[in-house]
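The values are calculated or read from the model by the stated rules, or taken from the named source; none is laboratory data. Given the structure is predicted, the values throughout are model-derived calculations rather than measurements. Cβ sites come from the backbone with ideal geometry, for glycine too, and all protein chains shown count toward neighbours. Areas reflect the complete protein model, heavy atoms only, side chains present, ligands, DNA and RNA absent. Shrake-Rupley method; radii C 1.70, N 1.55, O 1.52, S 1.80 Å.
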Amino acid sequence: KMSSGAADLRQRKKQNCTESDKMAPEERNKENSKLGRSPKYMLIQRFAKLFFGCLAAVTSGMMYAVYLSTYHERKFWFSSRQELEREITFQGDSAIYYSFYKELLKAPSFERGVYELTHNNKTISLKTINAVQQMTLYPELIASVLYQASGSEEVIEPVYFYIGIVFGLQGIYVTALFVTSWVMSGTWLAGMLTVAWFIINRTDTTRIDYSIPSRENWALPYFACQVAALTGYLKKNLNCSAEKFCYLLVNASTYTFMMMWEYSHYLLFVQAVSLFLLDSFALAQTEKVHEVYKIYLFSLVLGYLLQFENSALLVSPLLSLVAALMLSKCLQMNMKKSTFVSRLLKIMYIYLVLTVAVTLNFLLKMFIPHKENEHLLKFIEVKLGLNTTKNFTMNWLLCQESLQAPSQDFFLRLTQSSLLPFYILVLIICLFSVTQVIFRRICGEPLKGTVKLEDGRIGERPEIVYHVIHTILLGCLAMCLEGMKYLWTPYVCMLAAFGVCSPELWMTLFKWLRLKAVHPILLALILSMAVPTIIGFSLWKEFFPRIMTELTELQEFYDPDTVELMTWIKRQAPVAAVFAGSPQLMGVIKLCTGWMVSSLPLYNDDDLLKRNENIYQIYSKRSAEDIYKILTSYKASFLVIEDSICNEVGPVRGCRVKDLLDIANGHVVCEEGDNYAYSKYGRFCHEIKMNYSPYVNYFTRVYWNRSYFVYRINTVISFQS
């Protein structure tokens, strides 16, 4: 029965494909004959539209990549810096990613470099890690292969090649958003407006300014390509060749996206929920939606195998949801349509899928050992107020700006660029139209095979409904965590640009208003050209001078104290030295010097999180003996204290590192609503600078400048006063 059902399904798909291929030319010929146009004239017109649209999309992407490169040069003076000064611009986790790229290039062969990364014992003391799996270093593997295979060693420096690839991917990101808006609206004017809004709101659309090598900067361009291909794939009356192309592109980009970012399956889960709701209300072809589910399954399985059997993918909510959807589909296909049970399944479909998905995820987590993302669940519990904690790491994460609710400045910036008002307008019109369509479906009215402009039913287009649901879900996440705005805002730009440039959206509005004084179709066509043109001119007048000022102004990023510290380490520290300090600084030391460190700014490993918390105790009120025991337990030989952390004056009291440590260590006394720090020991980072016993017995100062104090951890302890 299953094999015959599958054969029937394939046969129906072939018939639908051939019917649409046959119907499309016939309909176009009828329209052309009515307008008195020859098929040859229409073919030339379509080709010209496609050519200039593609040219505009590619040009927009290239110009954005050049813009990023120019802005980066003006900000960091890269071309006039020495290699050490360039590397210092990579901060925190960015430094770690680039350091492994350097190690791959220095390896005698690519195979040897990969082996050393997968069996790495030269980065973190007393710890051997699979850096490729733990830090998702596939972008660095690809970049190093391209650099060596293309013979770029004699043409371009490694750092320029590396950041050039990232900037190029950002250009692809913008091009994909352009194409998505163009496919939805039918005019590449929408693509131009999308790009304009994206660049103007760059502070809220991308993190490229702050962290070039971050995983999302490598991954999100592939997700944008996947969304563009999915938009085309969901369209009605798509010819076979275009449908196959979109399907293959969805396949390739989904898998690549999953390999580039460890949290990619969570974003794909949000997308899967959008498709699930789209299919539940029968607003899209079920066969197409389930083909996308199969792509998810294929990508998860392949990702699990190639990511060294990554158990996080097996217990991911994406796998549980897709498995539940496929199981529910099989149950529906095997039931006779006229039976009571089949009708009950249709009514209970959403409840059935959610119940099976939650149960399956619970069982998988019970039987499959996993530790990778447990800290995320703990963070969510505390964030939602379901739990309280004094844990340093959890409270430190809660204090991060990216994990706070978005500020008023964020909404003000989107409003000043006119993005937010137009997005809300487009969203309201589309939501009302979708609600009408769902009500018609409940009443038994079928969807139209082809939605015409005069129908004013934009809510019947499956690709539009998908994007409406998708942006709402991403928007809900962005309202909780400011860091999620980088996922939401680009698609806000795209949806708003599509809406103001789409005659169908204006026609839908005029259908509700029942305009009689002016022909609604003519007015819709005029507004779809006039409104974006007016927006474009106003944006050009207000924001273009600011962008040009950014590119012409020479900014200065220079950190002489850090340069001096790295120079001293390279010249004076023993080769076998192990450095301890804040994780962010340890990442820079590892990149600039190559010396082993005791911790790294990584937050996906429980052992590293515990290390970071322990080593941060150098800024707490603990005894010299306690700190000495902690540092020697990790075989550290040098300690680096940062004055900026020790004397931190944060804008939010209670979120400074030393405040969080006092809370975690129980060194805070609450009296009449005020918090007072109490301990029988002074703050270690202050006391050690006084050079008195017992601190001088355990630690010897060997270097200092305005920002850093370096101490050698004594192996032989002298208790003479």
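Observations on the structure shown:
- Some residue of the range 76-87 being in contact with a Leu (Cβ under 8 Å, 6 or more places away or on another chain) and either open to solvent by 50 Å² or more (accessible area, probe 1.4 Å) or of a type in the set (Ser, Thr, Tyr) (or both): yes
- Evaluation of Asn121 against (1) open to solvent by 40 Å² or more (accessible area, probe 1.4 Å); (2) farther than 26 Å from Leu585 by Cβ (one fails), failing number: (2)
- You will find that of Leu477, Leu509, Leu505, the residue that is open to solvent by 10 Å² or more (accessible area, probe 1.4 Å) and over 19 Å from Asn201 (Cβ atoms) is Leu509 and no other.
- Taken together, the criteria place Tyr101 among residues that are among the hydroxyl-bearing types (Ser, Thr, Tyr), part of a helix (DSSP H, G or I), in contact (Cβ under 8 Å) with a residue 12 or more places away in the chain and under 25 Å from Ala577 (Cβ atoms).
- Qualifying residue in the range 189-205 (condition: within 12 Å of Met62 (Cα to Cα) and either open to solvent by 20 Å² or more (accessible area, probe 1.4 Å) or of a type in the set (Asp, Glu) (or both)): no
- Qualifying residue in the range 324-338 (condition: part of a helix (DSSP H, G or I), open to solvent by less than 30 Å² (accessible area, probe 1.4 Å) and modelled with pLDDT of 90 or more): yes
- In the set (1) open to solvent by 30 Å² or more (accessible area, probe 1.4 Å); (2) more than 30 Å from Tyr233 (Cα to Cα), the condition left unmet by Ile129 is number (1).
- Checking Ala252 against (1) surrounded by fewer than 20 Cβ atoms within 10 Å (Cβ to Cβ); (2) touching a Phe, Trp or Tyr at 6+ places or on another chain (Cβ under 8 Å), the condition it does not meet: (2)
- Every residue from the range 202-230 that is at pLDDT below 95 and over 26 Å from Glu140 (Cβ atoms): Thr203, Asp204
- Test: Thr254 is modelled with pLDDT of 95 or more, over 30 Å from Gln436 (Cα atoms), in contact with a helix residue (DSSP H, G or I) (Cβ under 7 Å, 6 or more places away or on another chain) and assigned by the TED database to the domain that holds Ala478: yes
- Residue match in the range 627-646 (condition: modelled with pLDDT of 90 or more and at positive phi): yes
- Within the range 513-525, residues that are closer than 21 Å to Phe498 by Cβ and assigned by the TED database to the domain that holds Pro503 sit with their Cβ atoms under 9 Å from residues that are at pLDDT below 75 and assigned to a helix (DSSP H, G or I), at 6+ positions apart or across chains, in these pairs: Pro520/Glu454; Ile521/Leu453; Ile521/Glu454; Ala524/Leu453; Leu525/Leu453.
- Just one of the listed residues (Ala272, Ala229, Ala242) is surrounded by fewer than 24 Cβ atoms within 10 Å (Cβ to Cβ) and touching a residue at least 12 places away in the same chain (Cβ under 8 Å), namely Ala272.
- Selection of the range 429-446 for residues being in a helix (DSSP H, G or I) and either open to solvent by less than 70 Å² (accessible area, probe 1.4 Å) or modelled with pLDDT of 80 or more (or both) yields Ile429, Cys430, Leu431, Phe432, Ser433, Val434, Thr435, Gln436, Val437, Ile438, Phe439, Arg440.
- Val575, sole failed condition from (1) under 31 Å from the mean Cα position of the chain (by Cα); (2) under 30 Å from Ala131 (Cβ atoms): (1)
- Residues that are among the aliphatic types (A, V, I, L, M) and in contact (Cβ under 8 Å) with a residue 40 or more places away in the chain, drawn from the range 161-175: Ile163, Val166, Leu169, Ile172, Val174
- Asn705 vs. criteria in the same structural domain as Gln572 (by the TED database), of a type in the set (S, T, N, Q) and surrounded by fewer than 17 Cβ atoms within 10 Å (Cβ to Cβ): yes
- Filtered residues of the range 627-640 (kept if assigned to a helix (DSSP H, G or I), out of contact with any Ser or Thr (no Cβ under 8 Å at 6 or more places or on another chain) and open to solvent by less than 10 Å² (accessible area, probe 1.4 Å)): Ile627
- Candidate set from the range 409-424 (those that are in contact (Cβ under 8 Å) with a residue 12 or more places away in the chain and assigned to a helix (DSSP H, G or I)); member that is farthest from Lys485 (Cα to Cα): Phe422
- Restricted to the range 513-626, the set of helices (runs of 4 or more DSSP H) holding at least 3 residues that are over 30 Å from Asn391 (Cα atoms), out of contact with any Gly (no Cβ under 9 Å at 6 or more places or on another chain) and open to solvent by 40 Å² or more (accessible area, probe 1.4 Å) comprises 520-552, 560-572.
- Leading residue by the ranking (nearest to His467 (Cα to Cα)) among those in the range 171-187 that are hydrophobic (A, V, I, L, M, F, W, C) and surrounded by 24 or more Cβ atoms within 10 Å (Cβ to Cβ): Met184
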